[in-house]
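Down below is the structure, laid out as structure tokens.
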């Protein structure tokens with residue numbers, strides 16, 4: 001039950017962080033006068049977004065007074081983070097494929113699978129870095145994100161809306177986990193040798 005509660009809570013945090021970043025992204029576009037950015041610059045901005053997301057999630061996962069970080073307690077958080085990033089990857093990939101089939105070339109929706117995978121791996125490595133050096137995570141920007149997310153979550157109506165989003169995030173994670181287990185089981189069963197089949201083949205040859 002604890003893992004379900006953790007998944008739900010992180011889903012709420014992911015949604016609120018995305019909501020805040022939406023306005024940050026609007027500010028960036030306003031400052032740059034909506035100029036078309038290169039693919040590299042877009043991924044640099046996304047890298048900063050992922051970096052502070054991992055930073056904030058780490059701050060939510062540990063106590064401010066905690067001296068020693070227990071890796072075992074943070075393993076589920078890393079797993080949920082990984083599934084979240086994989087979900088974002090699949091969403092962007094499917095959106096890119098759909099637009100390509102429609103013959104639409106949009107600079108606002110640039111997708112590079114190599115860059116995406118690099119960002120995911122770097123984000124997880126940064127999370128591990130925070131575990132090894134927790135003091136790095138204690139920066140003013142990440143603390144501001146944390147306080148803002150808590151303020152939004154505790155707001156009556158808006159907070160309730162994000163809790164609904166967190167619930168659907170929980171369902172999505174459970175679905176992905178079940179699909180993964182089914183895929184693994186199916187692969188194991190398909191590779192298992194079938195003795196009955198061998199006997200049947202031998203019987204056919206004798207006839």
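Remarks
- Across the range 87-127, the qualifying residues are those that are at pLDDT 85 or above and surrounded by fewer than 14 Cβ atoms within 10 Å (Cβ to Cβ), and the one among them that is nearest to residue 70 (Cα to Cα) is 125.
- Just one of the listed residues (64, 151) is under 17 Å from residue 13 (Cβ atoms), part of a loop (DSSP other than H, G, I, E, B) and either more than 21 Å from the chain's Cα centre (by Cα) or at pLDDT 80 or above (or both), and it is 64.
- Any hit, the range 68-78, residues being in a loop (DSSP other than H, G, I, E, B), modelled with pLDDT under 80 and exposed (fewer than 15 other Cβ atoms within 10 Å of the Cβ): yes
- Within the set 23, 58, 30, the sole residue that is loosely packed, with under 13 Cβ neighbours inside 10 Å and at pLDDT 90 or above turns out to be 23.
- Of all residue pairs spaced 6 or more apart or on separate chains, those with beta-carbon atoms under 8 Å, a first member in the range 48-64 that is closer than 13 Å to residue 141 by Cα and a second member that is part of a loop (DSSP other than H, G, I, E, B) are 55/139; 59/138.
- The criterion of being modelled with pLDDT under 90, touching a helix residue (DSSP H, G or I) at 6+ places or on another chain (Cβ under 6 Å), farther than 17 Å from residue 56 by Cβ and surrounded by 12 or more Cβ atoms within 10 Å (Cβ to Cβ) does not hold for residue 169.
The values are calculated or read from the model by the stated rules, or taken from the named source; none is laboratory data. In this text, all values refer to a predicted model and were calculated from it rather than measured experimentally. Every residue, glycine among them, receives a Cβ derived from its backbone with ideal geometry; neighbour counts consider all protein chains shown.
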